[in-house]
Amino acid sequence: MGSLAELIAAALMGLGHALLVVFALVPSLEGFAVVAAVTYVADHYLHERDSYLINRLAKVRAGLSIRFLLRELTLVLLLTRMDLGDGPVYLAIACFLFFYSFQAAHGALVTLIRARRRLPVVTRNVDLARIPIPDAPPEWLLSSSARKVLHLDLAAFIGLLVSAKTGSLVYGVIGTAVTFVLAFAYTAVLVPFLRGSKTPPRADVVLAGIDEWLREYRPETVLYFSGSKESAYQVNMWLETMENLRTRPMIILREQVILRNLAPTSVPVVCVPGGVHLMNLDLSTVRVALYAANVGKNIHLLRVPTMKHVFIGHGDSDKIASVNPYSKVYDEVWTAGRAGRDRYAIADVGVLDQDIVEVGRPQLAPIRTAEGAWQPDFDGDCPTVLYAPTWEGWDDNPGNTSLILAGENIVRGLLTAEPPVRVVYKPHPFTGTRSRKAAAAHARISAMIEKAAAARAADPKWVTDTAAVQSARAELARIEARLASLGTASDGEGDEAVSSRDAVADPQGEADVRRLKEEWNAAYWRSFPVWEHKIVTGAEPRLYDCFNEADAMVSDISSVVSDFIASGKPYAVTDSAELGTEEFKRRNTAVRAAVILDNKADRLGELLEAVRDADADPQTEARRDLRQYLLGPDDVPSIDRFNAAVDALAAGSRARNEGQEAAALELAAIPRQQTGVQEKDGQVPA
């Protein structure tokens, strides 16, 4: 449950349905009416909160329609038990039978309308003017339509209850008539939206229009991505890099859930769920395809020989995933620095050294570099330590995450540190998705931080500039309202055809969004005291924003460590598998300039001393050297190195294609008898 209120509502709904049977059998008209009202309200509340329970009840055959039907059946039972005669009972049975017929027709119409408005390709920043896409039906007609039509039984339900109370069948007839009229009207108003002029063209027409746009735009470099909702961050981290390419960029997605969670970008985006549709798109001008994740659907684009395929990944780390043998399928593998090249050499998974290109990490440009130890800005100020553990991974290897074995010790040590520090906790988006132990540890750690934050807020020695905090919160609300008005958020229920038609590139709007997001980030950190412990989840603030706010970090073996090294600040990494300091450093390059923690986190003090005193930080020079080894040299901006790699590979792709054309022409010019192919009866053998 998301909250105590949801738990109470769920309990009331479940208990209410049981009590309806009891009051119907007794019978008790007043008790039945009160409990029925409670079930209506509780059910509606849980739907409005998008409760996890509501979304799962259908899995156990207790879905929305079943719950309404049960309530209506208990009403029939009540009328039968009250010995009111056959009239009310027959009226109720006939009413609900015909009502469910209307509901079925309504549901079929809604399903058909949505199916006819579904496009084979959903886009952003693509001009679809050549494809006639009509406006969608009004949102109130299709949004939560099943709930709306089911709630039309209220008129008949109330009318029948009043008839039971007064003994007059008139009220039941009036209520039933109102229900029928509303149900018929709601169903009839949908029919016009099935006409051809109200629906988008057929799939082949839409695909032909997309191909026409592709031939005009002539994309040269594509970023290809497939994954779950939680993995959207993996493609979002590359958006700014794609915007800064010298070639014409495009993004190809395979799932609409990724599109809905894609950050604002000026790059054209084409979401193609169907593999056949993707394989038939005209991508003949594409020379370089970039892949941010190793997933099965990559094969749908990897099969195209006219472009070069590159694995760029979504982070640079010592995890085993960074040397996945699957990487052999790409023409090149791009790493940030020399460390990535050496990992593949040591792993010996079939990736050739000549196929590895060091391009740096263009995404790290927003990370600010710190020089020297932390210095307080005012009395009562304290340094910030970021705890950013990675997730539990696909197996139960204890080295995957510090969360389960060491997380509570780490957070407890930071919360009780003297001199005190502020803790910012930002877990990996996948945390708890596979392991219950990880989910439980995350919950306990969150509770510890919330309790410590409340205790610190109640302690008079921690002074709050109330006026500044309130001003920042007001500014935060203003910025969020402005971002919402610019349409940067999506609830996932919009019409995909209209969103594709209207989501065209708006350079000024994109610039406004970027500026507002920067303002939002600054206001966010001012919206609470600088000493307040904080739990940060979700897409905002970004991980790199947390880097800039922190004075040190504790993490695990992941790309988070490699990226944080760009800041030059002290950091600690947890040896959750307890390999021992020397062996841990031998196996993991990124920890060679870190404080190594075991699961007890006894050496946290060394990290905190390094934060406050530069003389107590023996790893300063080691971090500088490690930064260059992991992320590449600083003399050339990473985006320039990335663009140079794209240009070089694109040239190789063009040379290959020209060679293929020349070879085909040369083969066609050779007389058939010189090719060694013998014909018989006009047939050439296979």
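The values are calculated or read from the model by the stated rules, or taken from the named source; none is laboratory data. Owing to the predicted nature of the structure, the values given are computational and were not obtained by experimental measurement. All Cβ positions, even for glycine, are placed from backbone atoms using ideal geometry, and neighbour counts span all protein chains on display.
Provide a single number: the residues in the range 349-390 that are in a loop (DSSP other than H, G, I, E, B) and either of a type in the set (A, V, I, L, M) or within 24 Å of W334 (Cβ to Cβ) (or both).
Within the range 349-390, residues that are in a loop (DSSP other than H, G, I, E, B) and either of a type in the set (A, V, I, L, M) or within 24 Å of W334 (Cβ to Cβ) (or both) number 14.
Determine the pairs where a residue that is closer than 26 Å to M237 by Cβ, located within the range 207-226, has a partner that is among the small types (G, A, S) and surrounded by 21 or more Cβ atoms within 10 Å (Cβ to Cβ) with Cβ atoms under 7 Å apart, the partner being 6 or more residues away or on another chain.
Every condition considered, the pairs that remain are V222/A289; L223/A292; Y224/A289; F225/A292.
Would the range 534-546 turn up any residue that is charged (D, E, K, R), more than 28 Å from V591 (Cα to Cα) and either without any contact (Cβ under 8 Å) to a residue 12 or more places away in the chain or not in a helix (DSSP H, G or I) (or both)?
No - not one qualifying residue is present in the range 534-546.
For residues in the range 503-556 being farther than 28 Å from D465 by Cα and either of a type in the set (A, V, I, L, M) or in contact with a His (Cβ under 6 Å, 6 or more places away or on another chain) (or both), which is surrounded by the most Cβ atoms within 10 Å (Cβ to Cβ)? Show your work before the answer.
Going through the range 503-556, the residues farther than 28 Å from D465 by Cα turn out to be 503-514, 554-556.
Subset that is either of a type in the set (A, V, I, L, M) or in contact with a His (Cβ under 6 Å, 6 or more places away or on another chain) (or both): 503-505, 511, 513, 554.
Details: A503: 17, V504: 15, A505: 14, A511: 11, V513: 19, V554: 30.
Out of the qualifying residues, it is V554.
Would you call L259 part of a helix (DSSP H, G or I), more than 26 Å from S638 (Cα to Cα), touching a residue at least 24 places away in the same chain (Cβ under 8 Å) and touching a strand residue (DSSP E or B) at 6+ places or on another chain (Cβ under 6 Å)?
yes
Applying the selection to the range 615-632, what residues are hydroxyl-bearing (S, T, Y) and touching a residue at least 60 places away in the same chain (Cβ under 8 Å)?
Across the range 615-632, the qualifying residue is only Y629.
What residue, of V286, V304, is more than 29 Å from A539 (Cα to Cα), without any contact (Cβ under 8 Å) to a residue 40 or more places away in the chain and part of a loop (DSSP other than H, G, I, E, B)?
Values: V286 fails: without any contact (Cβ under 8 Å) to a residue 40 or more places away in the chain.
Every option except V304 fails the conditions.
Mind counting the residues in the range 557-568 that are part of a loop (DSSP other than H, G, I, E, B) and crowded, with 24+ Cβ neighbours inside 10 Å? Outline the logic, then answer.
Residues of the range 557-568 that are part of a loop (DSSP other than H, G, I, E, B), as a first pass: 557-558, 568.
Remaining after also requiring crowded, with 24+ Cβ neighbours inside 10 Å: 557-558.
Summing the residues that are part of a loop (DSSP other than H, G, I, E, B) and crowded, with 24+ Cβ neighbours inside 10 Å in the range 557-568 gives 2.
I93 fails exactly one of the following numbered conditions: (1) of a type in the set (V, I, T); (2) surrounded by fewer than 17 Cβ atoms within 10 Å (Cβ to Cβ); (3) in contact with a Ser or Thr (Cβ under 6 Å, 6 or more places away or on another chain). What is the number of that condition?
Failed condition: (3).
Can you find a residue in the range 116-124 that is in a helix (DSSP H, G or I) and either touching a Ser or Thr at 6+ places or on another chain (Cβ under 9 Å) or at negative phi (or both)?
Just the residues of the range 116-124 that are in a helix (DSSP H, G or I), to begin with: 116.
Narrowing the set further to residues that are either touching a Ser or Thr at 6+ places or on another chain (Cβ under 9 Å) or at negative phi (or both) leaves 116.
Scanning the range 116-124 turns up at least one residue that is in a helix (DSSP H, G or I) and either touching a Ser or Thr at 6+ places or on another chain (Cβ under 9 Å) or at negative phi (or both).
Looking only at the range 38-62, which residues are modelled with pLDDT of 90 or more, surrounded by fewer than 19 Cβ atoms within 10 Å (Cβ to Cβ) and in contact with a Leu (Cβ under 7 Å, 6 or more places away or on another chain)?
Answer for the range 38-62, where residues must be modelled with pLDDT of 90 or more, surrounded by fewer than 19 Cβ atoms within 10 Å (Cβ to Cβ) and in contact with a Leu (Cβ under 7 Å, 6 or more places away or on another chain): just V38.
Considering only the range 314-362, state which residues are without any contact (Cβ under 8 Å) to a residue 12 or more places away in the chain and at positive phi.
The answer is D348, and nothing else.
What about A183, is it closer than 21 Å to V276 by Cα, modelled with pLDDT under 95 and small (G, A, S)? Give the derivation first.
Working: closer than 21 Å to V276 by Cα: no; modelled with pLDDT under 95: yes; small (G, A, S): yes.
No: the conditions fail for A183.
Scan the range 361-371 and tell me whether some residue there is among the charged types (D, E, K, R), closer than 27 Å to D342 by Cβ and surrounded by 15 or more Cβ atoms within 10 Å (Cβ to Cβ).
Checked the range 361-371: at least one residue is among the charged types (D, E, K, R), closer than 27 Å to D342 by Cβ and surrounded by 15 or more Cβ atoms within 10 Å (Cβ to Cβ).
So which residues in the range 573-620 are surrounded by 19 or more Cβ atoms within 10 Å (Cβ to Cβ) and small (G, A, S)?
S576, A590, A593, A594, A601, A610
In the range 579-613, which residues are without any contact (Cβ under 8 Å) to a residue 40 or more places away in the chain, of a type in the set (D, E, K, R) and out of contact with any strand residue (DSSP E or B) (no Cβ under 8 Å at 6 or more places or on another chain)?
E582, E583, R586, R592, D602, E609
Select the helices (runs of 4 or more DSSP H) contained entirely in the range 190-249, then report the ones holding at least 3 residues which are of a type outside the set (S, T, Y), surrounded by 15 or more Cβ atoms within 10 Å (Cβ to Cβ) and more than 23 Å from the chain's Cα centre (by Cα).
203-217
Take the residues in the range 453-488 that are part of a loop (DSSP other than H, G, I, E, B) and hydroxyl-bearing (S, T, Y); name whichever of them is nearest to E418 (Cα to Cα).
Checked the range 453-488; the qualifying residue nearest to E418 (Cα to Cα) is T464.
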